[in-house]
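K.L.:
Take a look at this one; I'll ask things after.
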Amino acid sequence: MKQNNIFFRYFSPVAAQQKLYAAALVALLSSSAYEAEAQVGEPFIHDPSTIALCDGKYYTFGTGEGGIWSEDGWTWQGGAVRPGRGAAPDVLKIGDRYLVAYSATGGGLGGSHRGDVLTMWNKTLDPKSPDFKYTEPVVVASSLDDEDCDAIDAGLLLDPTTGRLWLSYGTYFGFIRLVELDPKTGKRMEGNEPVNIAIDCEATDLIYRNGWYYLLGTHGTCCDGPNYKICIEGTTRYLTATAQHDVIAKPEFTGEDAQLWCIEQLTDGTYRIMPKAVPGTEEKLALVSLGDCTPGLAPFDFNSDNSKWNFRQQ
């Protein structure tokens, strides 16, 4: 039996008939592992945040309260302060203030997906400074018990080209989601809804380099040694459904429904791929192989191999 194939660097099958909305069909560009020498001092920290520079010292925060700091970026000691406990924080300097995001969550390992991502500000990260005082935390993202996403593992990016502030969050128990925050308040932009941008990873972070946006995600099972690894995902092309029942590759992700794809595993082990919406019609269409090679959109036919897809590791 002929089967259509889509090539990915990584893919994990999902439960039969469980709907998974992918923000874009992306390829992993590269993954690398480096062997580093041990740091000195008191370097232990779990789920460390981005390292932030404040008044000549380096700070990073972790799960639970507090964190560590260093004068040279190499020798670390305890003493950094972050109230609220919670998990997997991140920190970002915006103007003359520091925005800290962290999660208060039950976590998927505990059988619950309920959680919140919160943000708070401080003028300094030095607990000895007279200006050291955190604002009251505010909730910017949430997840419920029955959601396919955990509101945990916050990652912040201030876009240097636009000044817009983005938050990614989620774990390998479901989707990675993206929301926009107000860089002046740290609160979620009014009316902004989360967008699913990835799956099968966690502890994501967003970076911008030379015209490219990258999503760094950790693949594997936490925290299983060499099977738990950081990968880089990036793309300049996004599969998009059109009103002509074609699919085209657009150079940027806009968040439109035509770029959001539902992936369902069928009872025979193959996959059905459908856009969330097709412009100009309410008809439910699926990604099909026309003439055994050209992709297009048509009503799904379970008895047709051209309507079914497999994922293979390239």
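The values are calculated or read from the model by the stated rules, or taken from the named source; none is laboratory data. Note that this is a predicted model, so its numbers are computed, not measured. Positions of Cβ are generated from backbone atoms using ideal geometry, with glycine treated the same way; all protein chains shown enter the neighbour counts.
K.L.:
Does GLY217 qualify as being among the small types (Gly, Ala, Ser), buried (at least 19 other Cβ atoms within 10 Å of the Cβ) and at pLDDT 85 or above?
P.N.:
Values: among the small types (Gly, Ala, Ser): yes; buried (at least 19 other Cβ atoms within 10 Å of the Cβ): yes; at pLDDT 85 or above: no.
Here the answer is no, as GLY217 does not meet what is asked.
K.L.:
Within the range 290-308, count every residue that is modelled with pLDDT of 85 or more and under 22 Å from ALA258 (Cβ atoms).
P.N.:
Adding up the residues that qualify gives 9.
K.L.:
Turning to a different aspect of this structure: In the list ILE199, ILE152, which residue meets the criterion of being more than 25 Å from ILE68 (Cβ to Cβ) and surrounded by 15 or more Cβ atoms within 10 Å (Cβ to Cβ)?
P.N.:
On the way: ILE152 fails: more than 25 Å from ILE68 (Cβ to Cβ).
Answer to the check: ILE199.
K.L.:
So which residues in the range 135-175 are in contact with a Pro (Cβ under 8 Å, 6 or more places away or on another chain) and assigned to a strand (DSSP E or B)?
P.N.:
The answer is ALA141, LEU158, LEU165.
K.L.:
Under 8 Å between Cβ atoms, which residue pairs at least 6 apart in sequence (or on different chains) link something in the range 42-65 that is in the same structural domain as PHE132 (by TED's automatic domain parsing) with a partner that is among the basic types (Lys, Arg) and in a strand (DSSP E or B)?
P.N.:
The qualifying pairs are ALA52/LYS93; LEU53/LYS93; CYS54/LYS93.
K.L.:
For residues that are in contact with a Ser or Thr (Cβ under 8 Å, 6 or more places away or on another chain) and outside any loop (DSSP other than H, G, I, E, B), scanning just the range 70-91, find the one that is nearest to ASP126 (Cα to Cα).
P.N.:
It comes out as ALA80.
K.L.:
OK, next. Within the range 75-104, count every residue that is touching a Lys or Arg at 6+ places or on another chain (Cβ under 7 Å) and at pLDDT below 90.
P.N.:
Residues in the range 75-104 being touching a Lys or Arg at 6+ places or on another chain (Cβ under 7 Å) and at pLDDT below 90: 0 in total.
K.L.:
Suppose we filter ALA277, ALA286 for residues that are in contact with a strand residue (DSSP E or B) (Cβ under 6 Å, 6 or more places away or on another chain) and either over 21 Å from PHE175 (Cβ atoms) or modelled with pLDDT of 80 or more (or both); which single one remains?
P.N.:
Numbers: ALA277 fails: in contact with a strand residue (DSSP E or B) (Cβ under 6 Å, 6 or more places away or on another chain).
It is ALA286.
K.L.:
Next up: Can you work out which of the residues in the range 202-212 that are touching a residue at least 40 places away in the same chain (Cβ under 8 Å) and closer than 20 Å to GLY255 by Cα is surrounded by the most Cβ atoms within 10 Å (Cβ to Cβ)?
P.N.:
Checked the range 202-212; the qualifying residue surrounded by the most Cβ atoms within 10 Å (Cβ to Cβ) is THR204.
K.L.:
Select from the range 163-189 the residues that are over 21 Å from TYR98 (Cβ atoms) and not basic (Lys, Arg) and write down the one among them that is modelled with the highest pLDDT.
P.N.:
LEU178
K.L.:
Same structure again: Before we move on, is ASN196 of a type in the set (S, T, N, Q) and part of a loop (DSSP other than H, G, I, E, B)?
P.N.:
no
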